[in-house]
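Visitor: Once you've had a glance at the structure underneath, I'll fire off some questions.
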Amino acid sequence: MQEINWIALSVFVLLFGLITWLGFAAANWRKGDLDLLHEWGLGGRRFGTVVTWFLVGGDVYTAYTFIAVPALAFGAGAVAFFAVPYTIVIYPFLFLVFPRLWNVCRKHGYITSGDFVRGRFGNRWLALAIALTGIIATMPYIALQLVGIQVVVGALGISGTGLGADLPLVIAFGVLAAFTYSSGLRAPASIAIVKDILIYVTAFAAIIVIPIELGGFGKIFAAVPPEKLLLAVPGPNTTGAYGSYATLALGSALALFLYPHSLTGILSASSGHAIRRNAAMLPGYSFMLGLLALFGFFAIAAGVAHLPEYAAGFKQFGNNFAVPALLLHSFPSWFVGIAFAAIGIGALVPAAIMSIAAANLYTRNIHREFINRNPSDRQESQNAKWVSLIVKLGALVFIIFVPTQYAIQLQLLGGIWIIQTLPSVMLGVYTRWFNDWALLLGWAAGIFAGTAMAVAVNLKPAYPLALGGHTFPGYIAVYTVLLNLVLVVVLTPLFNALRTRRVPLDQTAAADYFA
Amino acid sequence: MNNGDARSGRWSWWYLLFVVQFVAVLWPPFYNSLEPRWMGIPFFYWYQMLWVIISAVFTAVIYLATRD
């Protein structure tokens, strides 16, 4: 059994203590009335370009990403690098679509995508569908962040049996829940700054030190089995690995900013300009993610999978242990403490934002719409605070009692589900041509077809679509959102013709979408 | 009221730069090869990393060009 690494553990605990203090102190940062939902849940929409950069960066490039992408490179090779084109093509969407959404949301006090759709299309059932999709897609995502903490805690040598083994996770969760409750979005925003500095220090130290230790990049890539270095060239009559690589990147990019936590991060910016500037600055994180993907190859070259001291870790966490093992193998204990703290804290930032985003959705688009139509400001923010606790508790229970594999599979389905909100949210920003019931039906068809396709391929992201003797393996989210769109376009004129009651009012005006 | 493309939400020719980066990174036949290597890194990897930088520069150019 691995022994406890006391030096690394001390550094880890020290940094964790620092951010705990910071999380609570954040309540007083750019002070606002936390009894207002937009203050608690959006930080008062006051974050400038730099804070938004840290916040969205910490939100989108999560701890789990930093563990899972290199783990995929370690296990499957070149395919893992789809994360790079993915995080390149998200930014044109961020640049073009989201400043408009920001403007209209601020103008009307919208806090969630459900709020926007409700105002734009005047259909509370469509808004409910958007909100439920967001909440359900977010839950397994939070659970996966806790997996990130589990892996680094395990790598620090803390192990046990039964509930004792989960104690560190429960403590981390308690800290997270408490500061999110008391400080709202200000907590992850301030912690993100510390966490991102730690992550950058780790990534750049590793990208310089480890290749030197291993004798250069040439040697590292020579150690990787050749079939893992490139995508498999497609055979005749199929787009093969090329098709799935490109559609995975594109589909993931389209889905990303539809996730409630991404939107919460964007809406908390202080202006549309801050968002546009960030579209040019956030690729800094993409670059780091690419470097981190290479860590999977470093781990192969360092041979950590065959070292007896890491056997237990690999047995417990699988390929997700590759990066922690590589860091333990390559760095002195104190630096390992910093790196692991970066990953552990890196899990808390998105987990906090995700729980806030889910709470906002529940409060605005379910509770307010269907249970209490006229809450006071205080009731509304109190409601959101409690829901954020429940959401996190759900994620914690899930990760302790349910195999990690289920969380991963649910997260995969979550991506396919959340993209079905694209016509209502992203296209809704540009046009109100769509019929609201057509949007709802397209959404339902996309969810149903996406789930069926994913189940048919044993919960893998790519489905081999067969058309006229050719096979097009591709990301299910892309295929099903196309189906969704076609249905919406076909059904819109039909439903408009059938509409007996008057067309619901669009609360938004064309000018609301601009600064 | 005609103060800039981004503000009025109208089309700007500068947006074509976005299309360039889409094509460059979403068409794997362009870059699925080992050679030419750079510092021992296969083309597949450094090409995509390079495009992270190029796309950020493009976005900055578009931002400056379409700003008011």
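A short reminder: the numbers here are calculations on the coordinates, not readings from a lab. This is a predicted model, so every value here is computed, not measured. Every residue, glycine among them, receives a Cβ derived from its backbone with ideal geometry; neighbour counts consider all protein chains shown.
Visitor: Compute the distance in nm between two label points, each set 7 Å from the Cα along the Cα-to-Cβ direction, one at B:V19 and one at A:A178.
Guide: 5.6
Visitor: Using r as the Cβ-Cβ distance of A:A222 and A:V397, and R0 as 60 Å, what FRET efficiency do you calculate, to the nearest 0.05? Walk me through the numbers on the way to the answer.
Guide: Values: r = 46 Å, r/R0 = 0.76.
Computed FRET efficiency for A:A222 and A:V397: 0.85.
Visitor: By how many degrees, between 0 and 90 and to the nearest 10, does the Cα long axis of helix A:404-418 differ from the longest principal axis of chain A?
Guide: That helix lies at roughly 30 degrees to the long axis.
Visitor: Under the classification rounded if a/c is under 1.5, otherwise prolate if a/b is larger than b/c and oblate if not, where does chain A fall, given a ≥ b ≥ c as square roots of the Cα gyration tensor eigenvalues?
Guide: It is oblate, given that a/c is not under 1.5 and a/b is not larger than b/c.
Visitor: While we're on this one: To the nearest 500 deg cm²/dmol, what mean residue ellipticity at 222 nm is calculated for the protein assembly as shown from DSSP H runs of n ≥ 4 alone, each contributing -39,500 (n - 2.57), summed and divided by the residues?
Guide: -22500 deg cm²/dmol
Visitor: Quick one: if you stick a label point 7 Å off each Cα along the C-beta vector at A:S333 and A:L467, how many nm between them?
Guide: Between A:S333 and A:L467, the simple spin-label model gives 5.9 nm.
Visitor: A follow-up question, please. Work out how much length A:W433 to A:S10 would gain on full extension: take 0.36 nm times their residue separation and subtract the Cα-Cα distance, in nm to one decimal.
Guide: Extra length from A:W433 to A:S10 when fully extended: 146.4 nm.
Visitor: Calculated FRET efficiency, A:W29 and A:K315, Cβ-Cβ r, R0 60 Å, to nearest 0.05?
Guide: 0.90
Visitor: Turning to a different aspect of this structure: So between A:N237 and A:L498, what do we pick up on full extension, going 0.36 nm a residue minus the alpha carbon distance?
Guide: Length difference between fully extended and current span is 89.6 nm.
Visitor: Just the Cα atoms of the range B:12-66: what Rg and Dmax do they give in Å?
Guide: 13.1, 40
Visitor: Under 1.5 on a/c is rounded, so check that first for the range A:350-434, then, if it is not, pick prolate when a/b is larger than b/c and oblate when it is not; a ≥ b ≥ c are the square roots of the alpha carbon gyration tensor eigenvalues. Before the final figure, lay out each step's value.
Guide: Numbers: a/c = 2.70, a/b = 1.11, b/c = 2.45.
In terms of gyration-tensor shape, oblate.
Visitor: Given Cα pairs under 8 Å that are at least 6 residues apart, what percent is the relative contact order of chain B?
Guide: 46
Visitor: With the Cα gyration tensor of the range A:290-381 giving a ≥ b ≥ c as the square roots of its eigenvalues, does the rule (a/c under 1.5 for rounded; else a/b larger than b/c for prolate; else oblate) give rounded, prolate or oblate?
Guide: prolate
Visitor: Between 0 and 90 degrees, rounded to the nearest ten: what's the tilt of helix A:124-155 against the longest Cα principal axis of chain A?
Guide: Once rounded, one gets 10 degrees.
Visitor: Moving to a separate point now. On C-alpha positions alone, give me the angle between the axis of helix A:49-60 and the longest principal axis of chain A, in degrees, nearest 10.
Guide: Long axis of A:49-60 versus the principal axis of chain A: about 80 degrees.
Visitor: At what distance in nm do the modelled label points of A:V486 and A:L18 sit from each other, each positioned 7 Å from its Cα along Cα→Cβ?
Guide: Here the answer is 5.5 nm between the modelled labels.
Visitor: Work out the FRET efficiency for A:A510 and A:I207 from their Cβ-Cβ distance, taking R0 = 60 Å, and round it to the nearest 0.05.
Guide: Computed FRET efficiency for A:A510 and A:I207 comes out at 0.80.
Visitor: Still on this structure, please answer the following. What ranking of A:I476, A:I400, A:I416 emerges when the number of other C-beta atoms within 10 Å of each C-beta is taken as an exposure proxy, fewest first?
Guide: With the fewest neighbours first, A:I476, A:I400, A:I416 line up as A:I400, A:I416, A:I476.
Visitor: Taking the dipole about the Cα centre of chain A, with the C-beta of Lys and Arg at +1 and of Asp and Glu at -1, give me whichever of A:M139, A:A325, A:T421 is farthest to the positive side.
Guide: After comparing all options, I get A:T421.
Visitor: Quick check on the exposure proxy: order A:F514, A:F121 from fewest to most C-beta atoms within 10 angstrom.
Guide: The order, fewest Cβ neighbours first, is A:F514, A:F121.
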